[in-house]
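K.L.:
Below you will find the structure I want to go over with you.
The values are calculated or read from the model by the stated rules, or taken from the named source; none is laboratory data. Predicted model only: the values in this text are computed from it and were never measured. Glycine gets a Cβ as well: all are built from the backbone with ideal geometry, and neighbour counts include every protein chain shown. The accessibility values were calculated without ligands, DNA or RNA, using every heavy atom of the protein model including side chains. Shrake-Rupley method; radii C 1.70, N 1.55, O 1.52, S 1.80 Å.
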Amino acid sequence: MSDGQKSFDAIVIGAGAAGLFCAAQAGQRGVKVLLVDHNERIAEKIRISGGGRANFTNRDLDVRAPQRHFIGDNPHFCRSALSRYAPQQFIDMVQRHGIAYHEKHKGQLFCDGSSQQIIDMLLAECRAGGVEHWQPCSVGAIGWSDGGGYRVETPRGAVRAPQLVIATGGLSIPQIGASDFGYRMAEQFGLRVVTPRPALVPLTFGGEGWAPYAGLAGLSLPVQIETGSKKERMHFLEDLLFTHRGLSGPAVLQISTYWRPGAPLTIDFAPGTDVAEALGEAKRQSRKRIANELAALVPSRLADAWAGEDAALQRPINEAADRALAALAERIARWQITPSGTEGYKKAEVTAGGVDTRDLSSQTMESKQPGLYFIGEVVDVTGWLGGYNFQWAWASAHACAEAL
Ligand code: FDA
């Protein structure tokens with residue numbers, strides 16, 4: 001090196017899921033890799049994921065149509081990488097490392113032990129690839145090296161490489177190292193960024209309208225939840241959880257990725273039941289209070305919250321007007337409510353939006369700026385809850401590593 005800078009074939013910035021996997025794969029292909037992360041602790045998001053057991057992939061991902069479980073301005077962008085690196089390939093690696101796992105729900109695979117096993121596995125793979133790893137090490141200015149390629153300033157001196165991989169993730173959970181570095185890098189090199197927003201996030205509700213439900217915190221029940229226009233309607237059949245400030249649980253986290261401010265949600269609290277029919281039958285057969293009949297259809301705490309709001313529900317059901325029962329059925333099966341906002345990046349599992357896929361190659365993740373790659377969550381590809389985001393991290397990292 002004539003200018004005294006240490007030089008590598010590739011520098012990967014961000015040692016999270018995507019960065020670790022990319023560095024390991026590239027290193028094992030003979031690429032001389034430097035992996036840099038500004039955080040004190042390694043792969044914090046993997047550590048806290050899946051309640052400490054890392055839901056590391058999802059067996060239900062259909063490699064022929066993987067885009068079904070992902071959202072982004074171009075939903076088809078993720079297809080190439082995800083179809084070339086299937087969940088089974090990651091599962092094979094987990095098995096090779098002797099990590100025991102189990103399937104929990106809808107194809108979601110979790111470690112039997114702890115998420116630390118996935119981190120240890122990735123670190124072992126990096127060692128096998130001879131990856132040089134600097135952490136904690138902040139990254140300063142990035143520019144051009146006199147000797148060619150990229151020049152990256154760090155407190156340990158400037159380093160250079162012809163290829164630079166940005167794997168710094170999204171904005172979620174800033175307290176464990178998230179930063180907007182990736183978006184700033186994209187902008188520095190003239191790439192477009194789809195405005196980031198919190199996703200897989202609890203939704204909040206405010207004002208007097210929410211008051212009757214605030215007391216339901218802790219109540220969980222299966223629902224069908226929907227949002228979006230007629231053309232782009234999205235729905236999930238999952239559990240919903242009432243919280244002190246609003247709604248959470250898998251149903252709400254999933255729909256939050258598709259929810260846009262100001263749009264209502266429609267919730268069916270008795271999915272699979274013909275509520276109008278059930279109330280009509282009760283009217284013919286029963287003399288109980290409407291509120292009591294309601295409790296046969298939804299949990300009694302929710303029935304009580306509704307009944308408390310409405311004096312008409314205190315009457316015997318056989319005296320109720322058909323119109324009133326129809327309105328009640330509509331309320332149970334098609335409850336419309338508009339969130340006031342989200343819990344934000346502090347509670348969001350992921351960040352939707354990110355580096356615009358129009359400026360990236362879906363084959364290699366290389367940007368329009370030659371030698372500059374973006375992988376993982378920093379890209380405008382967001383997966384469903386359930387291991388899909390890790391699978392995107394592995395698959396995009398793999399596509400990039402093959403090209404380095
Ligand atoms: P990731 O965030 O993993 O890594 C980015 C790295 O870049 C970090 O190490 C960070 O320190 C570093 N970095 C940031 N800025 C930098 C800078 N300026 N300079 C140097 N380094 C910088 N997904 C899933 O599939 N299954 C699951 O079970 C869960 N569970 C889950 C729980 C919780 C609480 C959260 C917050 C998230 C999840 N996820 C998940 C989502 C998943 O964790 C996430 O999508 C991936 O970790 C994204 O991988 P990346 O490598 O892209 O970013």
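K.L.:
Could you look through the range 37-89, keep only residues that are under 14 Å from the mean Cα position of the chain (by Cα) and among the hydrophobic types (A, V, I, L, M, F, W, C), and pick out the one that is farthest from the ligand (Cβ to nearest atom)?
P.N.:
Among those that are under 14 Å from the mean Cα position of the chain (by Cα) and among the hydrophobic types (A, V, I, L, M, F, W, C), it is Ile71.
K.L.:
Restricting attention to the range 269-315, which residues are of a type in the set (Lys, Arg) and outside any loop (DSSP other than H, G, I, E, B)?
P.N.:
Residues satisfying the conditions are Lys283, Arg284, Arg289, Arg301.
K.L.:
Among what's in the range 368-404 and is in a strand (DSSP E or B) and of a type in the set (A, V, I, L, M, F, W, C), pick the residue that is surrounded by the fewest Cβ atoms within 10 Å (Cβ to Cβ).
P.N.:
My answer is Leu372.
K.L.:
Looking for something surrounded by fewer than 16 Cβ atoms within 10 Å (Cβ to Cβ), within 16 Å of the ligand (Cβ to nearest atom) and of a type in the set (D, E, K, R) - is there at least one such residue anywhere in the range 302-316?
P.N.:
No, the range 302-316 contains no residue that is surrounded by fewer than 16 Cβ atoms within 10 Å (Cβ to Cβ), within 16 Å of the ligand (Cβ to nearest atom) and of a type in the set (D, E, K, R).
K.L.:
One residue is enough: does the range 289-300 have a residue meeting the conditions within 16 Å of the ligand (Cβ to nearest atom) and of a type in the set (D, E, K, R)?
P.N.:
Within the range 289-300 (the criterion being within 16 Å of the ligand (Cβ to nearest atom) and of a type in the set (D, E, K, R)), the answer is no, since none of the residues qualifies.
K.L.:
While we're on this one: Looking at the range 336-358, is at least one residue aromatic (Phe, Trp, Tyr), at pLDDT 90 or above, open to solvent by less than 40 Å² (accessible area, probe 1.4 Å) and within 25 Å of His235 (Cα to Cα)?
P.N.:
Looking for residues that are aromatic (Phe, Trp, Tyr), at pLDDT 90 or above, open to solvent by less than 40 Å² (accessible area, probe 1.4 Å) and within 25 Å of His235 (Cα to Cα), one finds none in the range 336-358, hence no.
K.L.:
Return the pairs, sorted by first residue and then second, in which the second residue is away from the ligand (no atom under 16 Å from the Cβ) and open to solvent by 10 Å² or more (accessible area, probe 1.4 Å), the first residue lies in the range 346-367 and is in a loop (DSSP other than H, G, I, E, B), the beta carbons are less than 6 Å apart, and the residues are 6+ apart or on different chains.
P.N.:
Asp356/Arg192; Ser362/Ser80; Gln363/Ser80; Thr364/Ala403
K.L.:
Sticking with this one: Kindly establish whether Glu330 is within 9 Å of the ligand (Cβ to nearest atom) and assigned to a helix (DSSP H, G or I).
P.N.:
For Glu330, the condition - within 9 Å of the ligand (Cβ to nearest atom) and assigned to a helix (DSSP H, G or I) - is not met.
K.L.:
Let me ask something additional. Regarding the range 239-252, can at least one residue be identified that is surrounded by fewer than 17 Cβ atoms within 10 Å (Cβ to Cβ) and farther than 18 Å from Pro212 by Cβ?
P.N.:
Scanning the range 239-252, I find at least one residue that is surrounded by fewer than 17 Cβ atoms within 10 Å (Cβ to Cβ) and farther than 18 Å from Pro212 by Cβ, so the answer is yes.
K.L.:
Spot the failing condition for Gln254; the list is (1) out of contact with any helix residue (DSSP H, G or I) (no Cβ under 9 Å at 6 or more places or on another chain); (2) at pLDDT 90 or above; (3) over 30 Å from Arg68 (Cα atoms); (4) not hydroxyl-bearing (Ser, Thr, Tyr), and only one is missed.
P.N.:
All conditions are met except number (3).
K.L.:
Can you tell me which residues in the range 130-174 are at positive phi and within 15 Å of the ligand (Cβ to nearest atom)?
P.N.:
Gly169, Ile173
K.L.:
Please work out if Val275 is over 16 Å from the mean Cα position of the chain (by Cα) and buried (at least 17 other Cβ atoms within 10 Å of the Cβ).
P.N.:
yes
K.L.:
Quick one: which strands (runs of 3 or more DSSP E) lie wholly within the range 1-95 and hold at least 3 residues that are buried (at least 22 other Cβ atoms within 10 Å of the Cβ), touching a residue at least 40 places away in the same chain (Cβ under 8 Å) and of a type in the set (A, V, I, L, M, F, W, C)?
P.N.:
Qualifying strands (runs of 3 or more DSSP E): 10-13, 33-36.
K.L.:
Please find, within the range 190-215, the residue that is modelled with the lowest pLDDT out of those that are crowded, with 18+ Cβ neighbours inside 10 Å and of a type in the set (A, V, I, L, M, F, W, C).
P.N.:
Here the answer is Phe205.
Let's see how each residue does on (1) surrounded by fewer than 17 Cβ atoms within 10 Å (Cβ to Cβ); (2) touching a Lys or Arg at 6+ places or on another chain (Cβ under 8 Å); (3) among the β-branched types (Val, Ile, Thr):
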position: His102; (1), (2), (3): yes, no, no
position: Lys106; (1), (2), (3): yes, no, no
position: Trp144; (1), (2), (3): yes, yes, no
position: Pro162; (1), (2), (3): no, no, no
position: Ile166; (1), (2), (3): no, no, yes
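K.L.:
Using the structure shown, decide if Gln95 is out of contact with any Ser or Thr (no Cβ under 7 Å at 6 or more places or on another chain), modelled with pLDDT of 95 or more, away from the ligand (no atom under 15 Å from the Cβ) and of a type outside the set (A, V, I, L, M).
P.N.:
yes
K.L.:
Which is open to solvent by 20 Å² or more (accessible area, probe 1.4 Å), of a type in the set (S, T, N, Q) and within 30 Å of Gln25 (Cα to Cα), of Gln175, Gln224?
P.N.:
Just one listed residue meets the conditions, Gln175.
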